[in-house]
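The values are calculated or read from the model by the stated rules, or taken from the named source; none is laboratory data. Nothing here was measured: the structure is a model prediction, and the numbers come from that model. Cβ: placed from backbone, ideal geometry, glycine included. Neighbour counts: every protein chain shown. The protein model used for the area step is the full one, side chains on, heavy atoms only, and it has no ligands, DNA or RNA in it. Shrake-Rupley method; radii C 1.70, N 1.55, O 1.52, S 1.80 Å.
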Amino acid sequence: MPHEALWTGIVCPQTAMQALLRLLPEDFDLEDALAVHDTVGGRTRVIEVNRAAHRLGVHAGQVLADALAIAPGLHSLPRARKAEQRLLEEIALRAYQYSHQVAITGDGVVLETGGSRRLHGRLDTLLGALADDLAQMGLITRLGSAPVPAAACLLARRKRHQAKLPALRKLLSEWPLAHLALAPGELRKLDSLGLKHLRDVQALPRFERDRRLGQALTRYLDEITGHQQTPLVYWQPAEQFHQRLELPVPTIRSEALLFMLNRVLEQLHHWLQVRDRSLTRIEVEMHPEDQGPVVELRTGLGQAGFHRQRLLEILRLKLEPVRLQSAIESLVVRAESTAEQPPPQADLWTGTNVNDAWPALLDRLKARVGEEGLCGIAACSDHRPEKSWKWSPPGTTTAVCETPLRPNWLLPHPKPCQIKSLTLMDGPERIEAGWWDGQDTRRDYWIAHDRHGNKLWIFHEYKPGSGWFVHGLFG
Amino acid sequence: MPSSNTLEQLLSARGDLWRGRQRPPVPSISTGRAALDQQLPGGGWPRGKLIELLPERVGVGEMELLLPCLAEQTRQGLPVLFLAPPLIPCPQSLVRHKLDLTRLLIVREQQYTFWAAEQCLKSGLCGAIVAWPASADVRERSVRRLQLAAENGQAPVFLCYAPGCKPPASLAALRLAIRTGGALDVLRGQRGKSPDTIRLNASNVVSLTTRARS
C-alpha cells in the first residue's frame with residue numbers, strides 16, 4: 001500500500017558547540033563561559049556561545065579578540081568541522097534504526113517516517129522514541145516533520161510538524177525569509193528588493209524570479225514548497241567501523257580517555273545493531289601530540305558479541321599498565337565483526353547471560369595477563385619428555401597417547417644431579433629419539449628416591465652428553 | 001554415672017537433634033582419599049573456603065594431594081585453574097589421573113595471581129583454583145581479600161605458598177604443611193589449631209596413607 005511520504009528532520013541547535021562538548025572530558029565545567037570561534041576571510045569570529053558566555057556579553061559574530069577583552073575567562077575552542085560531520089553521522093546512525101531512507105542535508109539529518117508510521121502506530125510514538133534515543137546520546141536536538149525532505153529541517157528548527165502539503169505551503173508562505181536556510185548574501189539581496197516573506201517572492205512572476213534571484217534560489221524555494229523533487233543522497237552506515245577522534249583538549253588522564261572510548265563504544269553499539277553484526281575484535285590506537293610512539297590496545301573477544309560495560313572494563317585493564325609519555329590528541333578505533341550473531345540467552349532469574357560469562361572471564365583475564373599468559377596444556381606426540389607437551393589455547397588440548405608412568409611436574413630444563421645421593425627404584429625406560437631433527441638423544445629414565453623420601457624422575461644421558469639429570473618430580 | 005550415660009546415649013541416638021558442641025556440616029568435596037577425608041573437619045576439602053598449603057619443597061606432594069579432587073571437578077564439567085604453577089604440569093600425568101585437560105586453564109604470569117584468583121572466584125564458574133603466589137606478593141591483606149572472595153563461591157581455593165615463605169596470619173579454613181617424603185600435618189583446622197594434629201605419612205608420595213599419631 002503506498003503511503004504518504006513524511007520526512008522528519010533532526011537539527012542540533014549549536015552544532016559546533018555540541019560537537020565539541022561531546023569530546024570534552026566529563027568533568028569539564030559546563031558553567032564556564034565557552035565559545036566556539038571560526039576563521040572566515042582572515043578574521044576570527046565567535047560563532048557560538050553558551051549561556052554563561054552570553055551573560056558575560058559575548059555573542060555570535062563578535063571578533064574573538066573583542067570577546068576575550070570583554071570576558072577574559074572565556075574558553076574559546078576552534079570550530080571542528082570534522083567533529084560536526086561526525087555528530088551528524090552519529091545522529092544518522094541512530095535515525096537509521098527507524099528508517100532506511102536517511103540523508104544528511106547540510107545542517108541536519110532527515111529520515112522518511114511515513115513508511116514506519118504503521119509500525120509505530122502514531123507518529124507521536126515514533127517521534128517520542130527517536131527523541132528519547134537522541135536525548136540518551138546526550139544531545140540537544142529539535143525535531144520537525146514535513147511532507148518534503150527539504151522543508152523537514154526548516155520545520156525542525158521551529159519544532160513544527162506539518163503532514164499535509166497544502167498546509168505546509170500555507171505555513172511557509174507566512175514565514176519571514178530569515179527563517180529559511182539562506183546565505184546572508186542572498187538574504188541581503190532579497191531584503192534590498194523589499195521582499196520580506198516567502199509569499200512576496202512567490203508573488204513575483206516566474207521569469208522575473210529566475211532573472212533577479214538566480215536559478216539556485218528559485219530551485220531551493222521550489223524544493224521546500226514541494227513544487228520540485230529534492231535529490232537526496234541516502235546515507236548508509238559504513239561497511240567497516242573505523243573512527244578517528246581528534247580531542248579538542250589533548251589529555252594524559254586515562255579516565256578522560258576512557259570517557260572518549262565509551263562514547264565510541266556507544267556508536268559502535270549502534271553500528272553493530274544497524275549492520276546486524278557482532279564484535280569479534282577491537283583495536284584502539286592513541287596518537288600522542290608530540291609524534292611520540294603510538295599506544296595500541298588490542299583485544300579479541302572469546303565470543304562474538306557486544307557488552308559495552310564489559311568491553312570498557314577490558315579496555316580499562318589494558319590501559320592501566322600503559323604509561324602515557326605525553327598527552328593524547330587523537331584516538332582511532334577499529335572494529336572487526338562477524339555477521340553471525342548468537343541469540344542472547346538471558347537467565348530467567350537473574351536476567352544475566354550465563355552462556356557468555358565464561359568467555360567474558362577469559363577475556364578479562366587475557367586483557368591483563370596477555371594472550372600468551374592464559375593457556376591450557378596439551379600433549380605432543382614426541383618421546384622426548386621436554387618436547388612432549390606444549391601450551392595450547394584455553395579450552396583446547398590434544399589426545400594424549402598412552403605412556404609409561406610420568407611425574408606430575410616436569411622441570412623446564414633437566415638439572416644435573418648426584419646419583420650417589422639417590423636410590424634407583426624403577427626403570428630403566430629407554431628413550432631414544434630425535435635422530436630426524438638433529439637432536440639425537442639417548443637416555444635411560446629411572447624413578448628414584450632422594451634421602452628425604454621424595455620421588456624423582458631422573459635420567460642417565462648417553463647422547464649427546466653424558467651424566468645424570470633430574471627431569472621431573474612426582475609430588 | 002550410669003544416669004548421665006543413659007542420657008548421653010538417648011541424645012546421641014537422635015539424628016534430628018543438633019547440639020552446640022557439634023559443628024554444623026560444612027559443604028565439602030572429597031579429597032579422593034577416604035583416610036584423609038576422615039581427618040578433615042568437613043569430611044573433605046571445604047567448599048568456598050581458602051585452604052593454605054605449605055610444602056617444604058616444590059613438588060613435594062601438593063599436586064598428588066590435590067589431583068583426585070581436581071580431576072573430579074573437571075569430570076563434572078567445572079573448570080580448574082592453575083595460577084602460576086612453579087613447574088610444568090605434565091599433561092600425560094594429569095590425564096593418567098583422569099583430569100579433563102580441556103577444563104584446565106593455566107595463568108602463567110605470577111604477578112597477577114591474586115587478581116586472577118579473585119576474578120575467577122567472582123565469576124562463580126570455577127570448580128577449583130590452585131594458586132602459587134610469589135612470596136613477595138603474599139600479604140595479609142591480599143590473602144584476606146582472597147578468602148572473602150572464596151566465601152561467595154562454591155569452589156575450594158588452594159593457596160600454595162612457595163617453600164620458605166612465611167604465611168601471614170589468616171582466617172583460612174585449613175592450613176596444611178607438606179613435609180618432604182609426603183608427610184602431611186594439619187596445622188590449622190576448623191577448630192583453630194587442632195589438638196589432634198593428623199600425621200599422614202607415606203612410604204612414597206604416590207599413595208598418601210594415614211597413620212595414627214604415636
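Select from segment A:65-85 the residues that are surrounded by fewer than 20 Cβ atoms within 10 Å (Cβ to Cβ) and either in a helix (DSSP H, G or I) or modelled with pLDDT of 90 or more (or both) and list them in ascending order. Answer for segment A:65-85, where residues must be surrounded by fewer than 20 Cβ atoms within 10 Å (Cβ to Cβ) and either in a helix (DSSP H, G or I) or modelled with pLDDT of 90 or more (or both): A:ALA65, A:ASP66, A:LEU68, A:ALA69, A:ILE70, A:ARG81, A:LYS82, A:GLU84, A:GLN85. For segment A:188-210, the criterion of being in contact (Cβ under 8 Å) with a residue 40 or more places away in the chain, out of contact with any helix residue (DSSP H, G or I) (no Cβ under 8 Å at 6 or more places or on another chain) and not assigned by TED's automatic domain parsing to the domain that holds A:GLU266 is met by none of the residues. Contact map, segment A:293-311: residues that are free of Cβ contacts under 8 Å to residues at least 24 places away in the same chain paired with residues that are among the charged types (D, E, K, R) and outside any strand (DSSP E or B), Cβ distance under 9 Å, separation 6+ or inter-chain. Pairs shown: A:ARG298/A:LYS318.
B:SER93 falls short on exactly one of the conditions (1) assigned to a strand (DSSP E or B); (2) farther than 26 Å from A:ALA360 by Cα; (3) within 12 Å of chain A (Cβ to nearest Cβ), and that condition is (1).
Residues considered: B:ARG75, B:ARG145, B:ARG108. Of these, the only one that is more than 7 Å from every other protein chain (Cβ to nearest Cβ), under 28 Å from A:GLU320 (Cα atoms) and open to solvent by 30 Å² or more (accessible area, probe 1.4 Å) is B:ARG145. The residue that is farthest from the other protein chains (Cβ to nearest Cβ), counting only those in segment B:79-90 that are outside any strand (DSSP E or B) and more than 17 Å from the chain's Cα centre (by Cα), is B:ALA84.
A:LEU405 falls short on exactly one of the conditions (1) facing chain B (nearest Cβ under 10 Å); (2) in a loop (DSSP other than H, G, I, E, B); (3) crowded, with 16+ Cβ neighbours inside 10 Å, and that condition is (3).
Among the residues of segment B:150-173, some residue qualifies, meaning at least one is on the phi > 0 side of the Ramachandran plot and open to solvent by 30 Å² or more (accessible area, probe 1.4 Å).
Number of residues in segment A:291-315 that are within 26 Å of A:LEU20 (Cβ to Cβ) and crowded, with 17+ Cβ neighbours inside 10 Å: the value is 4. Would segment B:48-57 turn up any residue that is under 28 Å from A:SER388 (Cβ atoms) and touching a helix residue (DSSP H, G or I) at 6+ places or on another chain (Cβ under 8 Å)? Yes, some residue in segment B:48-57 is under 28 Å from A:SER388 (Cβ atoms) and touching a helix residue (DSSP H, G or I) at 6+ places or on another chain (Cβ under 8 Å). As a summary of the residue check, A:LEU424 satisfies the conditions (1) modelled with pLDDT of 85 or more; (2) surrounded by 18 or more Cβ atoms within 10 Å (Cβ to Cβ) except for the one numbered (2). Count of segment A:33-62 residues, restricted to those that are surrounded by fewer than 20 Cβ atoms within 10 Å (Cβ to Cβ), of a type in the set (A, V, I, L, M, F, W, C) and out of contact with any Asp or Glu (no Cβ under 8 Å at 6 or more places or on another chain), is 2. Identify, please: which residue in segment A:462-475 is surrounded by fewer than 17 Cβ atoms within 10 Å (Cβ to Cβ) and outside any loop (DSSP other than H, G, I, E, B) and is, among those, nearest to the other protein chains (Cβ to nearest Cβ)? Only one residue tops the list, namely A:GLY467.
The combined condition, being open to solvent by 70 Å² or more (accessible area, probe 1.4 Å), aliphatic (A, V, I, L, M) and in contact with a strand residue (DSSP E or B) (Cβ under 7 Å, 6 or more places away or on another chain), is not fulfilled by A:VAL284.
Sort out which residues of segment A:211-231 are part of a helix (DSSP H, G or I) and in contact (Cβ under 8 Å) with a residue 60 or more places away in the chain, and write them in order of number. Those that are part of a helix (DSSP H, G or I) and in contact (Cβ under 8 Å) with a residue 60 or more places away in the chain: A:TYR220, A:GLU223, A:ILE224.
Checking each residue of segment A:382-399 against the condition of being within 24 Å of B:VAL58 (Cβ to Cβ), within 8 Å of chain B (Cβ to nearest Cβ), out of contact with any strand residue (DSSP E or B) (no Cβ under 8 Å at 6 or more places or on another chain) and without any contact (Cβ under 8 Å) to a residue 40 or more places away in the chain gives no match. A:TYR234 satisfies every condition listed in (1) free of Cβ contacts under 8 Å to residues at least 40 places away in the same chain; (2) of a type in the set (Phe, Trp, Tyr); (3) open to solvent by 40 Å² or more (accessible area, probe 1.4 Å) except (1).
Filtered by the rule that a residue be outside any strand (DSSP E or B) and either within 56 Å of the chain's Cα centre (by Cα) or outside the structural domain of A:PHE469 (by TED's automatic domain parsing) (or both), segment A:413-450 gives A:GLY434, A:TRP435, A:TRP436, A:ASP437, A:GLY438, A:GLN439, A:ASP440. Name every residue in segment A:418-475 that is of a type in the set (Gly, Ala, Ser) and in contact with a Phe, Trp or Tyr (Cβ under 7 Å, 6 or more places away or on another chain), in order of residue number. Selection gives A:GLY427, A:GLY472, A:GLY475. For segment A:91-141, the candidate set comprises residues that are of a type in the set (D, E, K, R) and more than 24 Å from A:PRO166 (Cβ to Cβ); within that set, the residue that is surrounded by the fewest Cβ atoms within 10 Å (Cβ to Cβ) is A:ASP132.
Take the conditions (1) within 14 Å of chain A (Cβ to nearest Cβ); (2) open to solvent by 10 Å² or more (accessible area, probe 1.4 Å); (3) charged (D, E, K, R); (4) within 24 Å of B:LYS166 (Cβ to Cβ); B:GLU64 misses just one of them, which is (4).
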